[in-house]
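Participant: Take a look at the following structure, please.
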Amino acid sequence: MSARFLILCSLILTLFSCSEPQVKLTSPSIIPAPQSLQVNPGHFTINEETTLSNNDDFTASYNFLLSFLKDATDRDWDTKYSDNNVIILEYDSSIISKEGYNIISTDRNITIKSSTDAGAFYAVQSLIQLMPADIKNATEIYIPAVTIKDEPRFNYRGMHLDVSRHMFDVDFIKKYIDAMAMLKMNNFHWHLTDDQGWRIEIKKYPKLQEIAAYRDSTLLGHYNDTPHQYDGKRYGGYYTQEEVREVIAFAKARHINVIPEIEMPGHAQAAIAAYPELGCTGNNIDVAMKWGVFEDIYCPNEATFTFLENVLDEVMELFPSKYIHIGGDEAPKTQWKTSNVAQKVIKENGLKDEYELQSYFIQRMEKYINSKGRQIIGWDEILEGGLAPNATVMSWRGVEGAIEAAKAGHDVIMTPTSHCYFDYYQSENDDEPLAIGGFLPLEKVYNFNPIPEELTAEEAQLVLGVQGNVWTEYIKTSEQVEYMVFPRIFAMSEVAWSPSGERDYLEFVSRVENFNKRLQVLNINYANHLYELEGSLNEDQAYELTTMLPNNEIRFTLDGTLPVATSTVYEGPIPFKENMSLKAAVFENGEQLSSLFTQEFHYHKGVGATISINKEPHKSYPGSGAAGLINGIKGSDSRYGDSEWLGFWGDDIEIEIEFEEPIEINEIDLRFYHAPSQWVYAPEKYYLHLETEKGIISDLITIPNQNENLVISNYNSERFKGYEDLKFSKLRLVIPNYGTIPDGNQGAGNKAWTFIDEIIIN
Ligand code: TNX
């Protein structure tokens, strides 16, 4: 046996055994998971002779697969018909779903069946995922023998991208669309206009290109860091109509519809900077240089309506989309309240207030858009003051907007911040790139249930689907867009496409891990937090550590030192009976595989007491329930939304803590999250009632206004001076919600959120 043969043998050992050639196939790992997939014995091999046959007119799918194969195999593909060693695209009228398909792969052929080009296209995407990730460098291309029957759960499967706050070049937009297509998503929501920049060329209004497309400077750091500082650099650009056409054609070839968003009446500062007559004040203003909500909104005068109609004419000429997104969110009414023009429109049209004026504005634009045969989508604020008759509502402030709209017979798209905002943090690690805030880990996206319980089966039919949103205030580069999107888009694609019902997160994670190889080949940047350690307190007051890493060996310390390969091996829940500083990591053969996990435990007098709250936390932010408020574990200082922070939207809350036996108290420390840019406000005051043997002591406590601190700790040691001899059996906290968010702030006019975490009793 020659040396060369031996080397070859060992090289291909992973695929064959030299004596007995046998293919080792990895099990199919498709994202989003198909409706049904059956693995059969055998495999198909793509070799030099394999042909591709488009038996029917599945042009887009055929062309897509042809160019993929040509590129992957570096050869021309013969398209003549043969009935062996062929990949066939075939019409099948029995497949009723407009986007459904079947794949049958055997030793002889691969047959794709569908009744539409879209279905065939999704089959092609699944087929590609059955091929080796690094297909260009693969020695042989095997495809396991399978039978797949598949169709989507929802018709609308969207991804959004904000190009106003930061802009990304056409090549990246195409890469984004390609990635969407790979995951069978079919609507690209292109957020083209906002306060910080107008990004679409409108020929009739050249100042949109000259002025509205550029800002003079950009906020540095986070909005919550005060005083605000700026980079002093001009920033901007726009997509020419030619580029827009190119993007739309690129998307169309991938069965993706592009929905343009032209914001109105709010988020319009860039346009007003270019054409001050569109605003109510007539003042010269700048394109916005920081984030947030701005009071300069379109004035409801005829000049504005003409402008918007002309803009939309050009937009509708470019975009074939049935839907045109008109924004409608976050439009402060401050200027309308004092504007003669706005007040005149209110009077002349018999409107009640500025909210009805917003509704009048949207309905008027809807009529125009409907007259051109198109339909509007708006953010859920378009419900306020009366919903435009044919509008589809994009529910973002929660699912409440969706419920209201569906009950009124409107179509809805689910995109609540709690589960769909990919601009939120995805890990609790301190070294994450700066993000707007919040906390939306992969698992939370994966477990998103887009059908609110409040809907009847009939109303649920109006839920068209789901969408992941990518707002780019803090996302400056395309690499960072990818980092924020991957892997959460996998979870979203699965919510959108795969059947509802029992989900197996661990199984999903194994497919995500598998996909990472594909992402590397595609040069897509992704976050990888799959194997981070997680911890939770169990009912016996012991702390349980878990990881999805197979063959894991967790090692930990409790004294604050870093765990090393020789630290204590975790063998079961760690009892929590005193202060501890836990640090843990997963090790393998002396090497640390996971990132470092840390958790501080504060054993205080409240731990183990009985607690109740008069309100359930909001479904999207349940933390670990009431018990989590006295479990000795503080939530994150930089991300609300983890398992410790409980969120309440607009509710006043009452918390009661009862001790097993009366205890002495010297201090109570309440922790509230305070992030006004995300509508989260610490209360201004709360009441503390303490039950003693001698009666109830009540106190009103005010929290000094601490503008931008994220976590407000409110210590109360002073309150207990003079009570040294007393014992307390019960404690009641009455915490009123902050109320309506005041004008000039992000979310003005909405109810504020209260986020509360550990109540530390010493
Ligand atoms: C709210 S979602 C906004 C955007 C921000 C985003 C940041 C929506 C309709 N409006 O203007 O970029 O929050 O998460």
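Participant: Condition first: within 16 Å of the ligand (Cβ to nearest atom), closer than 22 Å to Met180 by Cβ and in contact with a Lys or Arg (Cβ under 8 Å, 6 or more places away or on another chain). Now tell me which residues in the stretch 439-466 satisfy that. First the steps, then the outcome.
Facilitator: Residues of the stretch 439-466 that are within 16 Å of the ligand (Cβ to nearest atom), as a first pass: 439-440, 444-445, 466.
Filter again for closer than 22 Å to Met180 by Cβ, leaving 440, 444-445, 466.
Selection gives Leu440, Val445, Val466.
Participant: Give me the residue from the stretch 103-143 that is part of a helix (DSSP H, G or I) and of a type in the set (S, T, N, Q) and, out of that set, modelled with the lowest pLDDT.
Facilitator: That would be Asn137.
Participant: Next up: Confirm whether Glu309 is away from the ligand (no atom under 16 Å from the Cβ), free of Cβ contacts under 8 Å to residues at least 12 places away in the same chain, of a type in the set (D, E, K, R) and under 22 Å from Thr392 (Cβ atoms).
Facilitator: No.
Participant: Moving on. Here are the criteria: (1) touching a Phe, Trp or Tyr at 6+ places or on another chain (Cβ under 8 Å); (2) farther than 24 Å from Pro320 by Cβ; (3) touching a residue at least 60 places away in the same chain (Cβ under 8 Å). Tell me which single one Asn224 does not satisfy.
Facilitator: Of the numbered conditions (1) touching a Phe, Trp or Tyr at 6+ places or on another chain (Cβ under 8 Å); (2) farther than 24 Å from Pro320 by Cβ; (3) touching a residue at least 60 places away in the same chain (Cβ under 8 Å), the odd one out for Asn224 is (1).
Participant: Let me ask something else about it. Which one of these does Glu432 not meet: (1) farther than 24 Å from Val509 by Cβ; (2) without any contact (Cβ under 8 Å) to a residue 24 or more places away in the chain?
Facilitator: Among (1) farther than 24 Å from Val509 by Cβ; (2) without any contact (Cβ under 8 Å) to a residue 24 or more places away in the chain, the lone unmet condition for Glu432 is (1).
Participant: How many of the residues making up the stretch 395-417 are surrounded by fewer than 17 Cβ atoms within 10 Å (Cβ to Cβ) and either farther than 22 Å from Asn187 by Cβ or near the ligand (Cβ under 10 Å from one of its atoms) (or both)? Full working, then the answer.
Facilitator: Here is the first cut: in the stretch 395-417, the ones surrounded by fewer than 17 Cβ atoms within 10 Å (Cβ to Cβ) are 400, 407-409.
Filter once more, keeping what is either farther than 22 Å from Asn187 by Cβ or near the ligand (Cβ under 10 Å from one of its atoms) (or both): 400, 407-408.
Final tally of qualifying residues: 3.
Participant: Quick one: would you say Glu366 is more than 26 Å from Trp190 (Cβ to Cβ), crowded, with 21+ Cβ neighbours inside 10 Å and either touching a Leu at 6+ places or on another chain (Cβ under 8 Å) or not aromatic (Phe, Trp, Tyr) (or both)?
Facilitator: no
Participant: Only one of Ile272, Ile259, Ile285 is more than 18 Å from Arg364 (Cβ to Cβ), in contact (Cβ under 8 Å) with a residue 12 or more places away in the chain and assigned to a loop (DSSP other than H, G, I, E, B). Can you tell me which?
Facilitator: Details: Ile272 fails: assigned to a loop (DSSP other than H, G, I, E, B); Ile259 fails: assigned to a loop (DSSP other than H, G, I, E, B).
The unique qualifying residue is Ile285.
Participant: Also, quick follow-up: Taking Ala388 and the conditions (1) free of Cβ contacts under 8 Å to residues at least 60 places away in the same chain; (2) small (Gly, Ala, Ser); (3) within 13 Å of the ligand (Cβ to nearest atom), which numbered condition does it fall short on, given that it satisfies the others?
Facilitator: Status for Ala388: all satisfied but (3).
Participant: Is there a residue being in the same structural domain as Ser643 (by TED's automatic domain parsing), buried (at least 19 other Cβ atoms within 10 Å of the Cβ) and either aromatic (Phe, Trp, Tyr) or in a strand (DSSP E or B) (or both) anywhere in the stretch 615-624?
Facilitator: Yes.
Participant: Against the definition (basic (Lys, Arg) and out of contact with any His (no Cβ under 8 Å at 6 or more places or on another chain)), how does Lys444 come out, yes or no?
Facilitator: no
Participant: Moving on. Are any of the residues in the stretch 321-333 of a type outside the set (S, T, N, Q), under 28 Å from the mean Cα position of the chain (by Cα) and away from the ligand (no atom under 16 Å from the Cβ)?
Facilitator: Our first condition is that a residue be of a type outside the set (S, T, N, Q); within the stretch 321-333, this holds for 322-333.
Applying the additional criterion that residues be under 28 Å from the mean Cα position of the chain (by Cα) yields 322-332.
Now restrict to residues that are away from the ligand (no atom under 16 Å from the Cβ): 322.
Yes, there is a match, as at least one residue in the stretch 321-333 is of a type outside the set (S, T, N, Q), under 28 Å from the mean Cα position of the chain (by Cα) and away from the ligand (no atom under 16 Å from the Cβ).
Participant: If you take the residues of the stretch 637-656 that are surrounded by fewer than 22 Cβ atoms within 10 Å (Cβ to Cβ) and over 22 Å from Pro704 (Cα atoms), which of them is nearest to the chain's Cα centre (by Cα)?
Facilitator: The qualifying residue nearest to the chain's Cα centre (by Cα) is Asp642.
Participant: Working only within the stretch 336-350, note down all residues that are surrounded by fewer than 16 Cβ atoms within 10 Å (Cβ to Cβ), among the polar types (S, T, N, Q) and in a loop (DSSP other than H, G, I, E, B).
Facilitator: The answer is Asn349, and nothing else.
Participant: Still on this structure: Only one of Leu312, Leu387 is outside the structural domain of Ser638 (by TED's automatic domain parsing), aliphatic (A, V, I, L, M) and not in a helix (DSSP H, G or I). Can you tell me which?
Facilitator: On the way: Leu312 fails: not in a helix (DSSP H, G or I).
It is Leu387.
Participant: What pairs come up if the first residue lies in the stretch 570-581 and is on the phi < 0 side of the Ramachandran plot, the second is part of a loop (DSSP other than H, G, I, E, B) and among the β-branched types (Val, Ile, Thr), and their beta carbons are under 8 Å apart, counting only those six or more places apart or on different chains?
Facilitator: Listed pairs, sorted by first residue: Phe576/Val607.
Participant: Looking at this structure, is Phe448 of a type in the set (Phe, Trp, Tyr), assigned to a loop (DSSP other than H, G, I, E, B) and in contact with a helix residue (DSSP H, G or I) (Cβ under 7 Å, 6 or more places away or on another chain)?
Facilitator: yes
Participant: Would it be correct to say that Phe58 is out of contact with any strand residue (DSSP E or B) (no Cβ under 9 Å at 6 or more places or on another chain) and either assigned by TED's automatic domain parsing to the domain that holds Val146 or of a type outside the set (Gly, Ala, Ser) (or both)? Working first, answer last.
Facilitator: On the way: out of contact with any strand residue (DSSP E or B) (no Cβ under 9 Å at 6 or more places or on another chain): no; either assigned by TED's automatic domain parsing to the domain that holds Val146 or of a type outside the set (Gly, Ala, Ser) (or both): yes.
So Phe58 fails the test.
Participant: Ok, one more. Is it the case that some residue within the stretch 236-244 is assigned by TED's automatic domain parsing to the domain that holds Arg374, in contact (Cβ under 8 Å) with a residue 12 or more places away in the chain and at positive phi?
Facilitator: Yes, the stretch 236-244 contains a residue that is assigned by TED's automatic domain parsing to the domain that holds Arg374, in contact (Cβ under 8 Å) with a residue 12 or more places away in the chain and at positive phi.
Participant: Which ones in the stretch 215-241 are of a type in the set (Lys, Arg) and assigned to a loop (DSSP other than H, G, I, E, B)?
Facilitator: Hits for the stretch 215-241 are Lys233, Arg234.
Residue-by-condition table, conditions (1) among the aliphatic types (A, V, I, L, M); (2) within 14 Å of the ligand (Cβ to nearest atom); (3) under 14 Å from the mean Cα position of the chain (by Cα):
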residue: His419; (1), (2), (3): no, yes, yes
residue: Phe422; (1), (2), (3): no, yes, yes
residue: Glu432; (1), (2), (3): no, no, no
residue: Phe486; (1), (2), (3): no, no, yes
residue: Tyr531; (1), (2), (3): no, no, no
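The values are calculated or read from the model by the stated rules, or taken from the named source; none is laboratory data. From a predicted model like this one, the values you see are computed outputs, not experimental measurements. Please note: Cβ atoms are built from the backbone with ideal geometry, for glycine as well, and neighbour counts cover all protein chains shown.
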